[in-house]
Amino acid sequence: MPPPIWLMRQAGRYLPEYRALRAKAGDFLSLCYDPALAIEITLQPIERFGLDAAILFSDILVLPQAMGQDLRFEENIGPLLEPIRDIERMQALDTTRVVERLAPIMATVRGVAARLPDDVALIGFAGAPWTVAAYMIEGRGGGRFETPLAMAQRGDPILAGVTERLIDGSVDYLLAQIEAGAEVIQLFDSWAGILPSGLRRRWSIEPLVEIVDRLRAKAPQVPVIVFPRNVGHDALAYLEAIRPDAIGLDQSADLDFARMRLQPHAAVQGNLDPALLVAGATAMTDGVDRIMHALGKGPFVFNLGHGVVPETPPRHVAELVASVRNWRPQ
């Protein structure tokens with residue numbers, strides 16, 4: 001029996017049908033907030049590739065925008081936010097109207113849920129507090145995040161306050177997604193790996209524990225996937241503290257460690273290098289073979305180690321799905 005397969009960023013710029021709708025919307029955020037277009041984009045990879053799960057088309061930064069932070073996306077630059085560098089701006093973040101302000105996202109969830117085949121799961125998501133806070137404080141992406149890292153080192157009350165508000169806002173946002181029809185939740189801690197290992201429990205793991213505990217108190221039937229990228233063997237600390245139903249592995253993860261230390265306690269998800277999906281051919285199928293040999297006998301969801309990149313030929317995705325579904329041990 002092959003494992004289920006879906007891909008992070010499976011709806012995106014590598015698909016010509018996505019690019020056509022993006023041009024119609026005019027800008028990225030307009031696309032996220034237009035339910036008719038966002039529904040179509042969420043469904044595009046399901047219709048094209050027959051994947052086992054759809055993931056809501058949106059962005060992790062709609063939450064800080066709903067809390068009152070200015071946000072825009074610039075072509076070839078990415079997200080730009082008004083940096084939060086003082087107590088007053090932190091305290092001005094408002095979590096009380098998150099669900100109301102993100103009503104278009106819930107409309108997308110409802111629309112996708114109504115159109116998905118019964119055997120295809122709908123995944124809702126949010127960014128983990130550390131990752132979202134890093135963007136909110138730095139004011140942009142890029143992965144350096146010197147200011148939030150310095151705040152984490154000194155235990156800054158600004159970072160603590162942003163984190164507390166993100167926990168509250170994330171719980172409300174995710175519960176609203178579940179009520180609208182999301183059947184699984186994934187929490188993306190894409191920048192967990194830039195935190196020194198000794199700081200991960202305070203700023204990455206503990207906020208995720210609180211979110212997952214509060215979700216389970218209200219929606220115990222909904223599986224939760226946690227994706228702490230680039231944390232190496234610290235993935236075990238995430239698993240033991242958070243107790244997720246599945247843990248995502250990036251492409252640098254040690255497969256033997258995942259099989260022996262993680263898979264006995266939770267499903268694992270991952271972890272083909274997105275560059276191998278771009279390359280295709282033997283490079284890709286050898287990667288599939290290596291992952292399936294290591295993880296295919298336990299609870300497992302096939303995915304990438306990060307998101308599909310824009311340079312990916314769509315035919316390679318079709319070939320990947322076929323490769324996973326037809327895989328047999330040699």
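The values are calculated or read from the model by the stated rules, or taken from the named source; none is laboratory data. This is a predicted model, so every value here is computed, not measured. Cβ: placed from backbone, ideal geometry, glycine included. Neighbour counts: every protein chain shown.
Residue-wise test of (1) on the phi > 0 side of the Ramachandran plot; (2) β-branched (Val, Ile, Thr); (3) under 19 Å from the mean Cα position of the chain (by Cα).
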| position | (1), (2), (3) |
| --- | --- |
| THR282 | no, yes, no |
| VAL301 | no, yes, yes |
| GLU311 | no, no, no |
| PRO314 | no, no, no |
| ARG328 | no, no, no |
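Tell me the strands (runs of 3 or more DSSP E) entirely within the range 29-128 that contain at least 1 residues that are touching a strand residue (DSSP E or B) at 6+ places or on another chain (Cβ under 8 Å) and acidic (Asp, Glu). Even if it seems obvious, please write down each step before you answer.
On the way: elements: 53-55, 71-74, 78-81, 121-127.
Answer list for the range 29-128: 71-74.
If I ask for residues that are of a type in the set (Asp, Glu) and exposed (fewer than 14 other Cβ atoms within 10 Å of the Cβ), which ones from the range 65-93 would you list?
Across the range 65-93, the qualifying residues are ASP70, GLU74, GLU75, ASP86, GLU88.
Tally up the residues in the range 144-202 that are under 16 Å from the mean Cα position of the chain (by Cα) and hydroxyl-bearing (Ser, Thr, Tyr), please.
Summing the residues that are under 16 Å from the mean Cα position of the chain (by Cα) and hydroxyl-bearing (Ser, Thr, Tyr) in the range 144-202 gives 3.
With respect to TYR14, determine if the residue is more than 30 Å from GLY296 (Cβ to Cβ), among the aromatic types (Phe, Trp, Tyr) and either modelled with pLDDT of 95 or more or outside any loop (DSSP other than H, G, I, E, B) (or both). So that I can check it myself, show each step before the final result.
Values: more than 30 Å from GLY296 (Cβ to Cβ): no; among the aromatic types (Phe, Trp, Tyr): yes; either modelled with pLDDT of 95 or more or outside any loop (DSSP other than H, G, I, E, B) (or both): yes.
Here the answer is no, as TYR14 does not meet what is asked.
Please tell me if ASN271 is in contact (Cβ under 8 Å) with a residue 40 or more places away in the chain, not hydrophobic (A, V, I, L, M, F, W, C) and not in a helix (DSSP H, G or I).
no
Is the range 66-88 home to any residue that is among the polar types (S, T, N, Q), at pLDDT 95 or above and within 20 Å of the chain's Cα centre (by Cα)?
The answer is no; no qualifying residue exists.
Name every residue in the range 69-98 that is free of Cβ contacts under 8 Å to residues at least 40 places away in the same chain and over 14 Å from GLY139 (Cα atoms), in order of residue number. So that I can check it myself, show each step before the final result.
Going through the range 69-98, the residues free of Cβ contacts under 8 Å to residues at least 40 places away in the same chain turn out to be 70, 74-76, 88-89, 92, 94, 96-97.
Within the range 69-98, GLU75, ASN76, GLU88, ALA92, ASP94, THR96, ARG97 meet the criteria.
In the range 206-243, which residue that is among the charged types (D, E, K, R) and not in a helix (DSSP H, G or I) is surrounded by the fewest Cβ atoms within 10 Å (Cβ to Cβ)?
Checking each candidate, the answer is ARG243.
Six or more apart or on different chains, Cβ under 6 Å: which pairs go from a residue in the range 176-201 that's of a type in the set (Phe, Trp, Tyr) to one that's buried (at least 19 other Cβ atoms within 10 Å of the Cβ) and in a helix (DSSP H, G or I)? Could you list them?
TRP191/THR131; TRP191/ALA134
Just the residues that are over 29 Å from ASP52 (Cα atoms) and assigned to a helix (DSSP H, G or I), please, taken from the range 131-150.
ALA133, ALA134, TYR135, MET136, ILE137, GLU138, GLU146, THR147, PRO148, LEU149, ALA150
Restricted to the range 208-222, and to residues that are touching a residue at least 40 places away in the same chain (Cβ under 8 Å) and not aliphatic (A, V, I, L, M), which residue is nearest to GLU164 (Cα to Cα)?
Here is the first cut: in the range 208-222, the ones touching a residue at least 40 places away in the same chain (Cβ under 8 Å) are 208, 210-211, 214-215, 218-219, 222.
Subsequent filtering for residues that are not aliphatic (A, V, I, L, M) retains 210, 214, 218.
On the way: GLU210: 10, ARG214: 13, LYS218: 19 Å.
By that ranking, first place goes to GLU210.
Does GLU75 satisfy the criteria of being under 24 Å from PRO274 (Cβ atoms) and not aliphatic (A, V, I, L, M)?
The answer is yes for GLU75.
On the basis of being touching a residue at least 40 places away in the same chain (Cβ under 8 Å), surrounded by fewer than 20 Cβ atoms within 10 Å (Cβ to Cβ) and part of a loop (DSSP other than H, G, I, E, B), does GLN251 make the cut? Reasoning before the result, please.
On the way: touching a residue at least 40 places away in the same chain (Cβ under 8 Å): yes; surrounded by fewer than 20 Cβ atoms within 10 Å (Cβ to Cβ): yes; part of a loop (DSSP other than H, G, I, E, B): yes.
Here the answer is yes, as GLN251 does meet what is asked.
I'd like to know if the range 275-293 contains one or more residues that are in a helix (DSSP H, G or I), under 21 Å from ARG201 (Cβ atoms), small (Gly, Ala, Ser) and touching a residue at least 12 places away in the same chain (Cβ under 8 Å).
no
Conditions first: (1) surrounded by fewer than 19 Cβ atoms within 10 Å (Cβ to Cβ); (2) among the hydrophobic types (A, V, I, L, M, F, W, C); (3) farther than 21 Å from ARG144 by Cβ. ALA267 passes all but one, so which condition is the exception?
Of everything listed in (1) surrounded by fewer than 19 Cβ atoms within 10 Å (Cβ to Cβ); (2) among the hydrophobic types (A, V, I, L, M, F, W, C); (3) farther than 21 Å from ARG144 by Cβ, ALA267 misses just condition (1).
Determine which member of the set LEU31, LEU21, LEU7 is within 16 Å of VAL317 (Cα to Cα) and surrounded by 18 or more Cβ atoms within 10 Å (Cβ to Cβ).
After applying the criteria, what remains is LEU7.
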